[in-house]
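Enquirer: After the structure tokens below, expect a handful of questions from me.
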Amino acid sequence: MAMIDEPLYPIAVLIDELKNEDIQLRLNSIRKLSTIARALGEERTRKELIPFLSENNDDDDEVLLAMAEELGVFIPYVGGVEHANVLLPPLETLCIVEETCVRDKAVESLCRIGAQMREQDLVEFFIPLLKRLAAGEWFTARVSSCGLFHIAYPSAPEALKTELRTLYGQLCQDDMPMVRRSAATNLGKFAATVEAPHLKVDIMSMFDDLTQDDQDSVRLLAVEGCAALGKLLEPQDCVAHILPVIVNFSQDKSWRVRYMVANQLYELCEAVGPEPTRSDLVPAYVRLLRDNEAEVRIAAAGKVTKFCRILNSELAIQNILPCVKELSTDSSQHVRSALASVIMGMAPILGKDATIEQLLPIFLSLLKDEFPDVRLNIISKLDQVNQVIGIDLLSQSLLPAIVELAEDRHWRVRLAIIEYIPLLASQLGVGFFDDKLGALCMQWLKDKVYSIRDAAANNVKRLTEEFGPDWAMQHIVPQVLDMINNPHYLYRMTILHAVSLLAPVMGKDITCSKLLPVVINASKDSVPNIKFNVAKVLQSLIPIVDQSVVEKTIRPCLVELSEDPDVDVRYFATQALQSSDQQMMMSS
């Protein structure tokens, strides 16, 4: 190998590795292409490396995908933009392979290169490549060609532009559904580069073809085109051409097409403007909310608040609210869950009276839903309703449901409620919290499930941060510390954990006078797990309290624990003593 001329060495290794049976070696070699190109220099990369890659007939998709990706950033290694055209042949080959992800990556790389190419090179090299692909015998070439038109079109001379538009029109009517799908997907991008007069005539006739396609997979992609084209057309053209299509699609025989309309409806409304939305799209939306397919109702329910924002409150109350009431008792839990996640946003749109009369009963029924997700989606958005109807009404109507959830038999429901308690506390205020929710927070510290106890300890800390140490001293700390005498050691451990979380928030005075004595006392516990947790808690308290307290109280306790018969207790006590020594060294 040493005999080989030095510059030839990298290409020789590359060729060896690219022909190796081991796929990993071939992959590594492809990923090192830029390094090899730098070693070869720009001219040899153009004359040797790129032709070699063009002829490389690897059949492994992973290798081809890596190659398509590498070539997209290869312009600097072939001598800059003026030589970018040499990268087109290997990518053209990759645009024809069977594996979709390889073709997509090759198209992406061609777009990246085409966007940087000079205008004359685009006309001389890129557009002929596009025409070859569009006329390709194998459908994969035609599928790939659809993604390149928006790059080629702006630089083409007038005669070529006409040819490109005709070509795209043919692809929209191709025999293969996959090609028509690709044409539908890329129509918006291509339309954005086409001049206004041709947009109205040529592009709209292609769009009409796609919207009437016999394959639902093509029609549902045309739905996305509605929003994209709507933004390019003048408002009056949009109402004339796009609106009827949307209304038809909302009644399409395929539920997948109706689902796409429901999913895209807000964007479609923006495209056609507020007036046509109110007159034409409200009936279409109501149909989708009452669709016989659950998936369509889920998509429509998730857009209910966004849609109501476009309407005035009377229209929303008149047309949308009856459907919302029906959806709140829908047979599918996923529909109810989708509704619950957005319904709170309707309160500010409808105003106080309508919220109290119409929405509150729906909230309550969703809060009592048998599925936890539905209930939690309501609780997580309570602040939006609070702003509209005020705390008194909210607490009277919703509190019983919250208490019920706090005692739910599913521990995940209880867990989610605990996580929302600090948010509820900040929304509902300290007075309300003391009356209604304080007892629940203590009850969770004795839950049978560890995750609940752990979350409850964190909850105590977050409430102390919200309401301040004085409030905590009155309402939380005494009850928490009382539980250290619980006969079950797991509950005693939870209290130690709560103490370690509370100490930094409470400050050193309360920590020394109230919390520390409880921890020191627990070091005499008969259960080793408690004792080594005491050592961990004491270690966390060292930075909070004064050095004198460490010397007089904490260290003696740790020294005693470091001589405990249990190996884990000794280990954690020793760790804490070392931490204390470091703290002393830093402070001195």
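The values are calculated or read from the model by the stated rules, or taken from the named source; none is laboratory data. What you are looking at is a predicted structure, and each value in this text was computed from that prediction instead of being measured. Neighbour counts run over all protein chains shown; Cβ positions are idealised from the backbone, glycine included. Areas reflect the complete protein model, heavy atoms only, side chains present, ligands, DNA and RNA absent. Shrake-Rupley method; radii C 1.70, N 1.55, O 1.52, S 1.80 Å.
Enquirer: What is the number of the single condition among (1) open to solvent by 30 Å² or more (accessible area, probe 1.4 Å); (2) touching a residue at least 40 places away in the same chain (Cβ under 8 Å); (3) more than 29 Å from the chain's Cα centre (by Cα) that P197 does not meet?
Expert: (2)
Enquirer: Under the condition of being touching a Lys or Arg at 6+ places or on another chain (Cβ under 9 Å) and at pLDDT 85 or above, which residue from the range 151-169 is surrounded by the most Cβ atoms within 10 Å (Cβ to Cβ)?
Expert: L167
Enquirer: Quick check on my filter: what residues within the range 264-298 are among the aliphatic types (A, V, I, L, M) and either surrounded by 20 or more Cβ atoms within 10 Å (Cβ to Cβ) or closer than 24 Å to E314 by Cβ (or both)?
Expert: Result: L265, L268, A271, V272, L281, V282, A284, V286, L288, L289, V296, I298.
Enquirer: Pairs under 8 Å by beta carbon, first residue free of Cβ contacts under 8 Å to residues at least 24 places away in the same chain in the range 279-305, partner among the small types (G, A, S) and surrounded by fewer than 20 Cβ atoms within 10 Å (Cβ to Cβ), six or more apart or different chains?
Expert: Qualifying pairs under 8 Å: none.
Enquirer: Test V261 against the stated conditions and say whether it is buried (at least 17 other Cβ atoms within 10 Å of the Cβ), out of contact with any Leu (no Cβ under 6 Å at 6 or more places or on another chain), in a helix (DSSP H, G or I) and of a type in the set (V, I, T).
Expert: It is true that V261 is buried (at least 17 other Cβ atoms within 10 Å of the Cβ), out of contact with any Leu (no Cβ under 6 Å at 6 or more places or on another chain), in a helix (DSSP H, G or I) and of a type in the set (V, I, T).
Enquirer: Can I ask one more? If you scan the range 538-569, which residues turn out to be under 14 Å from C512 (Cβ atoms), without any contact (Cβ under 8 Å) to a residue 40 or more places away in the chain, open to solvent by 30 Å² or more (accessible area, probe 1.4 Å) and not in a helix (DSSP H, G or I)?
Expert: D546, the sole residue that qualifies.
Enquirer: Another one. Report every pair of residues separated by at least 6 positions or lying on different chains whose Cβ atoms are under 7 Å apart, first residue within the range 458-472 and charged (D, E, K, R), second surrounded by fewer than 22 Cβ atoms within 10 Å (Cβ to Cβ).
Expert: Note: pairs meeting the criteria are K461/L501; K461/V505; R462/P422; E465/V505; E466/P422; E466/A425; E466/S426.
Enquirer: For E99, indicate whether it is within 27 Å of V63 (Cα to Cα), over 33 Å from the mean Cα position of the chain (by Cα) and open to solvent by 30 Å² or more (accessible area, probe 1.4 Å).
Expert: no
Enquirer: Okay, next question. Suppose the filter is under 21 Å from N485 (Cβ atoms), out of contact with any His (no Cβ under 9 Å at 6 or more places or on another chain), in contact (Cβ under 8 Å) with a residue 40 or more places away in the chain and open to solvent by 60 Å² or more (accessible area, probe 1.4 Å); does K524 pass it?
Expert: no
Residue-by-condition table, conditions (1) hydroxyl-bearing (S, T, Y); (2) assigned to a loop (DSSP other than H, G, I, E, B); (3) modelled with pLDDT of 80 or more; (4) out of contact with any Lys or Arg (no Cβ under 8 Å at 6 or more places or on another chain):
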| residue | (1), (2), (3), (4) |
| --- | --- |
| S279 | yes, no, no, yes |
| A284 | no, no, yes, yes |
| D291 | no, yes, yes, no |
| A299 | no, no, yes, yes |
| L315 | no, no, no, no |
| A340 | no, no, yes, no |
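Enquirer: Still on this structure, please answer the following. I need the full set of residues from the range 472-530 which are touching a Lys or Arg at 6+ places or on another chain (Cβ under 9 Å), of a type outside the set (G, A, S) and not in a helix (DSSP H, G or I), in order please.
Expert: Once the filter is applied, which keeps residues that are touching a Lys or Arg at 6+ places or on another chain (Cβ under 9 Å), of a type outside the set (G, A, S) and not in a helix (DSSP H, G or I), the range 472-530 yields N486, H488, K524, D525, V527.
Enquirer: Could you go through the range 60-74 and let me know if any residue there is modelled with pLDDT of 80 or more and in contact with a Phe, Trp or Tyr (Cβ under 7 Å, 6 or more places away or on another chain).
Expert: no
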